[in-house]
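Trainee: Would you mind keeping the following structure in view while I ask a few things?
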Amino acid sequence: MENTDVLVVGGGPAGVISALTSAKNGHKVILIDAKSYEEIGNKTCGDAINLGPLKMLDKELGIKFPSGEEVADDVEALVFQTDKVTFPLFGDGFVLNRHPYGQRLLKLAVESGVEVRAETKAIKAIVDETGVKGAIVKKKGETTPYEIHSHITIDCSGRNYQIRKTVPSHLFPNLEKKMEKRDVAASYREIIRLKEDHPYAKKILLIYDGKIPEPGYFWIFSKGPKRLNIGIGWYLDMSVEKGMKELFREVLHKYYPPGTYEVEDKGGYTIPTRYPLMNAVTHGFIAAGDSAFHVNPFSAEGHGPALAAGYYAGKVASEALKAQDVRAEQLWGYNVAVMKDFGLSHTKLQLFTEALRKVKTPGLEYLFKRKILSQDQFMTLHGGMSLGRSEVLKIVLKGFPRYDLLYNLYKIVKGVQKFDNLFERFPNSPEEFPEWENEFTTVMDNIRNW
Ligand SMILES: Cc1cc2nc3c(=O)[nH]c(=O)nc-3n(C[C@H](O)[C@H](O)[C@H](O)COP(=O)(O)OP(=O)(O)OC[C@H]3O[C@@H](n4cnc5c(N)ncnc54)[C@H](O)[C@@H]3O)c2cc1C
């Protein structure tokens with residue numbers, strides 16, 4: 001048995017940043033990951049990231065922006081596209097080469113004092129009635145697991161959410177355990193090299209193709225001259241006649257026929273793609289990144305939110321250790337910080353996802369083609385803000401006679417207002433949480449089941 005102040009499970013973006021932040025604050029930190037040291041940070045991904053969280057890392061931790069071999073292309077526009085319509089939005093960011101960027105963050109964590117144990121898997125949480133006390137872990141190739149005891153355990157194990165799911169619900173009912181099929185997207189992507197250059201420089205495209213069950217999509221992200229990251233994804237509760245790779249190839253060949261490209265890399269994985277956990281803490285425990293549903297539920301971008309959540313987790317854990325109080329009451333500020341940063345906007349984006357499930361690609365085309373929703377209005381709603389009454393009236397007039405679409409837009413506008421109202425009253429402590437959560441669940445269930 002060993003002891004540490006902070007045990008971080010998982011060395012993805014959420015894990016390295018929470019470990020680094022805790023270590024910079026002077027605490028003893030052990031970070032474990034199932035992968036080898038050299039493979040940490042390497043993940044099958046679309047590789048796109050927006051500037052917001054990177055600016056935060058620079059300001060708060062002095063971590064410089066990705067550069068050199070870490071960057072495949074700059075991003076200046078996010079484009080929504082169907083066979084008939086193209087709808088560009090402004091969006092600054094990068095298409096990364098995740099592996100070198102992830103390795104740089106890992107190196108910075110080690111330089112800050114983090115002890116990394118690679119090829120070490122968490123099996124389950126160590127728990128007693130007073131909270132989470134660490135994890136039972138096993139080193140690859142060894143037969144006997146061992147215990148790491150910690151004052152605070154941060155679950156950054158991504159889609160596995162290995163610690164959260166092994167915390168007993170009867171002891172800590174505030175911590176949600178489920179991950180339903182409708183909340184997880186399956187995804188497959190290839191990095192291809194073309195013979196000719198492509199027209200997608202500095203762009204990331206989300207393509208809604210009737211063949212892919214909405215709100216799933218096909219993406220084309222520029223990886224620089226002659227290279228693209230192309231992928232496909234949809235929710236696990238959707239039934240599709242064809243296999244994912246077969247459908248991927250079919251859609252890809254509409255853009256790049258066989259013989260025009262070489263596959264450099266391929267892979268698939270699942271992404272928990274839902275509004276965030278409203279509470280991601282219990283005594284001695286914080287969940288961050290994919291393990292806490294921090295992926296944007298509309299675009300499936302989770303890298304940036306994982307970095308941001310990792311920072312908040314490390315900061316709040318450090319404050320709790322200094323106060324020698326690791327109870328949920330002391331860690332609650334983590335929930336507040338996540339909700340303020342991206343939690344509320346992701347919750348509102350769940351509305352778009354639900355609407356797209358209903359109106360499907362032809363509905364989206366109708367909206368964009370008839371300019372029922374302007375780019376500014378889309379950006380406003382997408383950014384989680386409300387529209388004024390006169391704007392709503394104009395939309396109604398332009399949308400005639402597609403009342404089905406208008407009904408869904410109305411639901412979005414109303415939902416945005418309801419969540420604004422609810423989050424103004426976001427609980428300040430675990431005691432206030434159950435009542436608030438009941439109200440939240442009623443609103444969310446109504447929206448999801450409309
Ligand atoms: C195909 C695909 C495309 C994507 N495209 C984009 C995109 O373009 N932009 C974007 O922002 N996001 C994208 N995402 C999502 C993004 O990859 C994740 O949201 C992000 O990596 C989450 O970071 P994380 O640290 O929470 O988890 P992860 O990056 O998944 O890291 C989890 C770590 O935990 C380790 N681990 C897991 N279980 C255990 C265990 N039991 N014990 C020890 N270690 C464990 C893993 O080895 C891994 O290193 C994509 C995801 C996929 C699958």
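Trainee: So which of Glu129, Glu119, Glu111 is within 14 Å of the ligand (Cβ to nearest atom), acidic (Asp, Glu), more than 30 Å from Leu367 (Cα to Cα) and assigned by TED's automatic domain parsing to the domain that holds Val29?
Mentor: It is Glu119.
Trainee: Examine the stretch 59-81 for a residue that is away from the ligand (no atom under 11 Å from the Cβ) and at positive phi, and state whether such a residue exists.
Mentor: Yes: one or more hits.
Trainee: In the stretch 207-225, is there at least one residue being among the β-branched types (Val, Ile, Thr), touching a residue at least 40 places away in the same chain (Cβ under 8 Å) and in a helix (DSSP H, G or I)?
Mentor: no
Trainee: Within the group Glu250, Glu241, Glu262, Glu246, which residue is more than 16 Å from the ligand (Cβ to nearest atom) and part of a strand (DSSP E or B)?
Mentor: Step by step, each of Glu250, Glu241, Glu262, Glu246 is checked, and only Glu262 is more than 16 Å from the ligand (Cβ to nearest atom) and part of a strand (DSSP E or B).
Trainee: Sticking with this one: Which one of Ile286, Ile212 is aliphatic (A, V, I, L, M), at pLDDT below 95 and crowded, with 21+ Cβ neighbours inside 10 Å?
Mentor: After ruling out the rest, the residue left standing is Ile212.
Trainee: To continue, here is another question. Is there a residue in the stretch 144-158 that is in a helix (DSSP H, G or I) and either at pLDDT 95 or above or not β-branched (Val, Ile, Thr) (or both)?
Mentor: Yes, there is a match, as at least one residue in the stretch 144-158 is in a helix (DSSP H, G or I) and either at pLDDT 95 or above or not β-branched (Val, Ile, Thr) (or both).
Each row is one residue, and each column tells you yes or no for (1) buried (at least 19 other Cβ atoms within 10 Å of the Cβ); (2) among the aliphatic types (A, V, I, L, M); (3) modelled with pLDDT of 90 or more; (4) within 20 Å of Phe293 (Cα to Cα).
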site: Asn335; (1), (2), (3), (4): yes, no, yes, yes
site: His346; (1), (2), (3), (4): yes, no, yes, yes
site: Leu349; (1), (2), (3), (4): yes, yes, no, yes
site: Leu356; (1), (2), (3), (4): yes, yes, no, yes
site: Pro362; (1), (2), (3), (4): no, no, no, no
site: Leu373; (1), (2), (3), (4): yes, yes, no, no
site: Thr380; (1), (2), (3), (4): no, no, no, no
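Trainee: Within the stretch 119-146, how many residues are within 16 Å of Ala34 (Cβ to Cβ), over 25 Å from the mean Cα position of the chain (by Cα) and not basic (Lys, Arg)?
Mentor: The total comes to 6.
Trainee: Filter the stretch 143-162 down to the residues that are buried (at least 23 other Cβ atoms within 10 Å of the Cβ) and either free of Cβ contacts under 8 Å to residues at least 12 places away in the same chain or under 23 Å from Asn296 (Cβ atoms) (or both) and list them by number.
Mentor: If the condition is that a residue be buried (at least 23 other Cβ atoms within 10 Å of the Cβ) and either free of Cβ contacts under 8 Å to residues at least 12 places away in the same chain or under 23 Å from Asn296 (Cβ atoms) (or both), then Ile154, Asp155, Cys156, Ser157, Gly158, Tyr161 are the ones that fit.
Trainee: Here is a further query. Working only within the stretch 187-204, note down all residues that are within 12 Å of the ligand (Cβ to nearest atom) and either at pLDDT 95 or above or at positive phi (or both).
Mentor: The answer is Ser187, Tyr188, Arg189, Glu190, Ile191.
Trainee: Go through the stretch 17-55 and give me each residue that's farther than 26 Å from Ala186 by Cα and either near the ligand (Cβ under 8 Å from one of its atoms) or in contact with a strand residue (DSSP E or B) (Cβ under 7 Å, 6 or more places away or on another chain) (or both).
Mentor: Scanning the stretch 17-55 gives Ser18, Ala19, Ser22, Ala23, His27, Lys28, Val29, Ile30, Leu31, Tyr37.
Trainee: So, one more: Can you name the residue in the stretch 23-52 that is more than 21 Å from Asn160 (Cβ to Cβ) and polar (S, T, N, Q) and is also modelled with the lowest pLDDT among such residues?
Mentor: Among those that are more than 21 Å from Asn160 (Cβ to Cβ) and polar (S, T, N, Q), it is Asn50.
Trainee: Go through the stretch 32-71 and give me each residue that's within 13 Å of Leu106 (Cβ to Cβ) and of a type in the set (S, T, N, Q).
Mentor: Scanning the stretch 32-71 gives Ser36, Asn42.
Trainee: Can you name the residue in the stretch 163-186 that is more than 14 Å from the ligand (Cβ to nearest atom) and either hydroxyl-bearing (Ser, Thr, Tyr) or under 30 Å from Glu214 (Cβ atoms) (or both) and, of all such residues, is surrounded by the most Cβ atoms within 10 Å (Cβ to Cβ)?
Mentor: Step by step, filter the stretch 163-186, then rank; the result is Glu176.
Trainee: When you go through (1) in contact with a helix residue (DSSP H, G or I) (Cβ under 8 Å, 6 or more places away or on another chain); (2) crowded, with 22+ Cβ neighbours inside 10 Å one by one for Lys242, which number turns out not to apply?
Mentor: It is condition (2) that Lys242 fails.
The values are calculated or read from the model by the stated rules, or taken from the named source; none is laboratory data. What you are looking at is a predicted structure, and each value in this text was computed from that prediction instead of being measured. Quick reminder, even Gly has a Cβ in these numbers, built from the backbone with ideal geometry, and neighbours come from all protein chains shown.
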